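Single-structure report; data block below.
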Amino acid sequence: MADGPGKANNGNGPMRIMIVEDNEALAQTTGWLVEMIGYDYRLAANGPEAIATYPEYRPDVFMIDIGLPGMNGYDLCRELKSRPDIGKAIFIAQTGWGEAEHRRMTAEAGFDHHLVKPLYLETLEAVLGEIAKAK
Amino acid sequence: MNPAHIPVPILIVDDLPENLLSLEAVLRRDGLEFIKARSGTEALEILLRQEVALALLDVQMPEMDGFELAETMRGSERTRRIPIIFLTAGVTDRARRFRGYEAGAVDFLEKPIEADILRSKVAVFSELYLQRRQLAVQRDNLKAFAEENLRLLKESRENAQALKEADIRKDEFLATLAHELRNPLAPIRNGLQILRMAPEGPRAEEVRGMMDRQLTHMVRLIDDLLDVSRVSRGRIDLRKARMSLQSAVQSALETSRPLIEDNRHNLILDIPETPLWVEGDLTRLAQVVSNLLNNAAKYTPPGGEIRLTMREHDGQADIEVADNGLGIDPDMLPRVFELFTQADRHLDRSQGGLGIGLALVSKLVEMHGGTSRAVSEGAGKGSTFTISLPLSDTHGEFAGEGLQKKQTRDAAPLKVLIVDDNVDSAQTSLWMLDLMGHRGMVAHEGVRALEMAREQTPDVVLLDIGMPGMDGYEVCRQLRQMPEMKNKTVIAQTGWGQESDRQKAFAAGFDHHITKPVSLDLLTQLLADIRLTAAKAGDPQHG
């Protein structure tokens, strides 16, 4: 609902975050949180939708749920990272699993960060802040 | 069965009845049984019917003589091993004897028979027969024993395998359960954080609605989980009454409609106008139908179709819930009603299932004397779940069913004492009462509750059962002993909704028993009823 107006990706304007999550309630509230922290967001309910919409939105950050139906988060991350137009986008895995093994799996798939659900606002703020600063 | 106790059958064949009688007279003793035949043909008929230990054959008989009979016996598998003793009249020439042995005789005895010799020969063959029979029995026993051992071994292997599988499924179930419980928590926490930053406005309203839905979902999940464990331990009681299945469907639709609408499913109802009466527990049957609808909604992509059909046939009522969703793999189909079965094992699917709903369906339907079945053409082809319940045959007056909404009337606010050791729970109950226009007060443990009751004389006591120290039952008993509290309303509030728990509460002196978490609607209704009764009676008494 509060999607960014599709500004050119020239480093101006708020950082753009694409949230890929099939749980609608979780997707929407995460979006609102991101917006409240001061960034722009767009939702995608699954892998194919994310792949179809990212070229137009050109996100700086992908927040991807691992347990997506159909194409899972690992596969989606690999697929996106293999594309030349993905640039320096940062990938954040969001999952219910927080053990070392799962962290290793997300790292192997190419994720830069691994956040465990449910999400703490402070954690989200810190991770996104760090990414914004590095840009 | 000891084979030694069964008489040894001896066949005697002679065309003269007086010979048969005298032979029997000579040989008769315990343990022998004589079967007499007056011709070769009759003897063969007997041999077809039963086995014998020994055959004593007269050689000279009309039609078929002894030798011919012996040859026929040797020609058949059934009779070829029966020992034969020929009885001949007078001296037998060598040629005839030879023919006799050729035909299979073991011995020749010449008439007049010497009784001692005949008896001892018969005794030898009887003994032989008994030994053979004993051996056969032992062999059969051994064989049966070996077979039994093999069967037991196979059975215990199967049991071990089943246990192992159940154990694995239990582990998977626990992992999934943890996820299922955490799934609604994630948006709830997000919602809280949003409300903290922006507590007002239309978005806050939306967030609160979402949190309410997620919480409801979670409560339902936990309720189902508790129910299924109670059903498995046989600790659920049905409150059966004559009811129409339409009312169960109606109630189920109220519960499931939000989920169906969220998914924009096309819900088609095919329900007869004439009520289908059953002896059932309305709440439980509504739960059954609602679980089937939720299951269909969960496994059907948005925009799909869900069809609920109800029909009557052969003294039974069928409720069928069909969808055009994900369907079920043939190898999963026989297990869909088992607990711990999850049709969807994605990594951490938010829409995944625990299989609790369907396990509960099958168990509750079973408790109503009905059956459940699932049909699917396979993955992607949709599923059809059908439950069949026996129709009730009595044609009685239809008793009002379900919770009837009563008019809530304004009257004097009630003084309500909340007793709960959970501070948050007590505080929120206080807020709820406040919003309803009643005057609430809180005690966090039994002794304090009794003090406050004595000082304040509340109209209603909302009493938690499971408190440390003095529990709710004890507090209630002591309250009832106070003259000023004798006629006040005491409501038990507990996590346990079993009939036995209710009975225990009523025995302790409670007027009502409600299960946590208490919904605002239920509490409003209950307090309104109490207020109404008090107003009608014109005094603080209640019914």
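Using the structure shown, decide if residue B:51 is under 60 Å from the mean Cα position of the chain (by Cα) and surrounded by 12 or more Cβ atoms within 10 Å (Cβ to Cβ). I'd like the intermediate steps shown before the answer.
Numbers: under 60 Å from the mean Cα position of the chain (by Cα): yes; surrounded by 12 or more Cβ atoms within 10 Å (Cβ to Cβ): yes.
Yes.
Name every residue in segment B:438-475 that is under 18 Å from residue B:527 (Cβ atoms) and not aliphatic (A, V, I, L, M), in order of residue number. Explain how you work it out, then say what you get.
Here is the first cut: in segment B:438-475, the ones under 18 Å from residue B:527 (Cβ atoms) are B:438-442, B:453, B:456-464.
Residues satisfying the conditions are B:438, B:439, B:440, B:456, B:457, B:458, B:459, B:464.
Within segment A:78-102, which residues are within 14 Å of chain B (Cβ to nearest Cβ) and over 13 Å from the mean Cα position of the chain (by Cα)?
Those that are within 14 Å of chain B (Cβ to nearest Cβ) and over 13 Å from the mean Cα position of the chain (by Cα): A:96, A:97, A:98, A:99, A:101, A:102.
Return yes or no: is residue B:220 assigned to a helix (DSSP H, G or I) and more than 12 Å from chain A (Cβ to nearest Cβ)?
Yes: the conditions hold for residue B:220.
Among residues belonging to segment B:417-456 that are of a type in the set (Asp, Glu) and assigned to a helix (DSSP H, G or I), point out the one that is surrounded by the most Cβ atoms within 10 Å (Cβ to Cβ).
B:434
Please verify whether segment B:201-215 includes one or more residues that are closer than 30 Å to residue B:336 by Cβ, part of a helix (DSSP H, G or I) and over 33 Å from the mean Cα position of the chain (by Cα).
yes
Scan segment B:10-31 for residues that are part of a loop (DSSP other than H, G, I, E, B) and over 60 Å from the mean Cα position of the chain (by Cα) and jot them down.
Within segment B:10-31, B:14, B:15, B:16, B:28 qualify.
So which residues in segment B:186-214 are of a type in the set (A, V, I, L, M, F, W, C) and surrounded by 16 or more Cβ atoms within 10 Å (Cβ to Cβ)?
B:186, B:188, B:194, B:207, B:210, B:211
Is it fair to say residue A:124 is modelled with pLDDT under 95, within 14 Å of another protein chain (Cβ to nearest Cβ), assigned to a strand (DSSP E or B) and surrounded by 16 or more Cβ atoms within 10 Å (Cβ to Cβ)?
Working: modelled with pLDDT under 95: yes; within 14 Å of another protein chain (Cβ to nearest Cβ): yes; assigned to a strand (DSSP E or B): no; surrounded by 16 or more Cβ atoms within 10 Å (Cβ to Cβ): yes.
Criteria not met by residue A:124.
All but one of (1) part of a loop (DSSP other than H, G, I, E, B); (2) farther than 18 Å from residue A:21 by Cβ hold for residue A:132, so report the exception by its number.
The one condition residue A:132 does not meet is (1).
Okay, residues lined up against (1) more than 17 Å from residue B:10 (Cα to Cα); (2) in contact (Cβ under 8 Å) with a residue 12 or more places away in the chain; (3) surrounded by fewer than 16 Cβ atoms within 10 Å (Cβ to Cβ):
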site	(1), (2), (3)
B:73	no, yes, no
B:80	no, yes, yes
B:94	yes, no, yes
B:101	yes, no, yes
B:110	yes, yes, yes
B:115	no, yes, yes
B:118	no, yes, no
B:123	no, no, yes
B:129	no, yes, no
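Name the residues in segment A:17-26 that are surrounded by 22 or more Cβ atoms within 10 Å (Cβ to Cβ) and more than 7 Å from chain B (Cβ to nearest Cβ), would you?
A:17, A:18, A:19, A:20, A:21
The rows are residues; the columns are (1) touching a residue at least 24 places away in the same chain (Cβ under 8 Å); (2) farther than 29 Å from residue B:219 by Cβ; (3) over 42 Å from the mean Cα position of the chain (by Cα).
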{"residue": "B:436", "(1), (2), (3)": "yes, no, yes"}
{"residue": "B:458", "(1), (2), (3)": "yes, no, yes"}
{"residue": "B:468", "(1), (2), (3)": "yes, no, no"}
{"residue": "B:476", "(1), (2), (3)": "yes, no, no"}
{"residue": "B:493", "(1), (2), (3)": "yes, no, no"}
{"residue": "B:506", "(1), (2), (3)": "no, no, no"}
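Go through segment B:71-107 residue by residue and tally those that are assigned to a strand (DSSP E or B) and touching a helix residue (DSSP H, G or I) at 6+ places or on another chain (Cβ under 6 Å).
2
Residues in segment B:312-339 that are assigned to a loop (DSSP other than H, G, I, E, B) and closer than 30 Å to residue B:168 by Cα: how many?
So the count comes out to 12.
Give just the number: which of (1) under 28 Å from the mean Cα position of the chain (by Cα); (2) at positive phi does residue B:241 not satisfy?
Failed condition: (2).
Look through B:369, B:378 and report the one residue that is at pLDDT below 85, of a type outside the set (Val, Ile, Thr) and surrounded by fewer than 19 Cβ atoms within 10 Å (Cβ to Cβ).
Just one listed residue meets the conditions, B:378.
Could you tell me whether segment B:340-350 includes any residue that is in a loop (DSSP other than H, G, I, E, B), modelled with pLDDT of 85 or more and at positive phi? Talk me through it step by step, then tell me what you get.
Kept after step one, since they are in a loop (DSSP other than H, G, I, E, B), are these residues of segment B:340-350: B:340-350.
So of that shortlist, the ones also modelled with pLDDT of 85 or more come out as none.
Within segment B:340-350, none of the residues are in a loop (DSSP other than H, G, I, E, B), modelled with pLDDT of 85 or more and at positive phi.
Looking only at segment B:165-196, how many residues end up being within 12 Å of chain A (Cβ to nearest Cβ) and either without any contact (Cβ under 8 Å) to a residue 12 or more places away in the chain or small (Gly, Ala, Ser) (or both)?
Residues flagged as within 12 Å of chain A (Cβ to nearest Cβ) and either without any contact (Cβ under 8 Å) to a residue 12 or more places away in the chain or small (Gly, Ala, Ser) (or both) within segment B:165-196 amount to 9.
Can you name the condition, by its number, that residue B:439 falls short on among (1) modelled with pLDDT of 80 or more; (2) closer than 26 Å to residue B:237 by Cα?
(2) is the only condition that residue B:439 fails.
If a residue must be within 9 Å of chain A (Cβ to nearest Cβ) and over 16 Å from residue A:27 (Cα atoms), how many such residues does segment B:197-217 contain?
2
Within segment B:513-522, can one find any residue that is modelled with pLDDT under 75, in a helix (DSSP H, G or I), of a type in the set (S, T, N, Q) and assigned by TED's automatic domain parsing to the domain that holds residue B:434?
No, because not a single residue in segment B:513-522 is modelled with pLDDT under 75, in a helix (DSSP H, G or I), of a type in the set (S, T, N, Q) and assigned by TED's automatic domain parsing to the domain that holds residue B:434.
Against the conditions (1) among the aliphatic types (A, V, I, L, M); (2) at pLDDT 85 or above; (3) crowded, with 17+ Cβ neighbours inside 10 Å, where does residue B:269 fall short? Just the number, please.
It is condition (3) that residue B:269 fails.
Can you report the number of residues in segment B:250-302 which are over 15 Å from residue B:364 (Cα atoms) and either away from every other protein chain (no Cβ under 14 Å) or not β-branched (Val, Ile, Thr) (or both)?
Looking only at that region, the number is 36.
In segment B:209-252, how many residues are among the hydroxyl-bearing types (Ser, Thr, Tyr) and touching an Asp or Glu at 6+ places or on another chain (Cβ under 7 Å)?
The total comes to 1.
The values are calculated or read from the model by the stated rules, or taken from the named source; none is laboratory data. On a predicted model such as this, the values are computed, not experimentally measured, just so you know. Backbone-built Cβ (ideal geometry, glycine too); neighbour counts: all protein chains shown.
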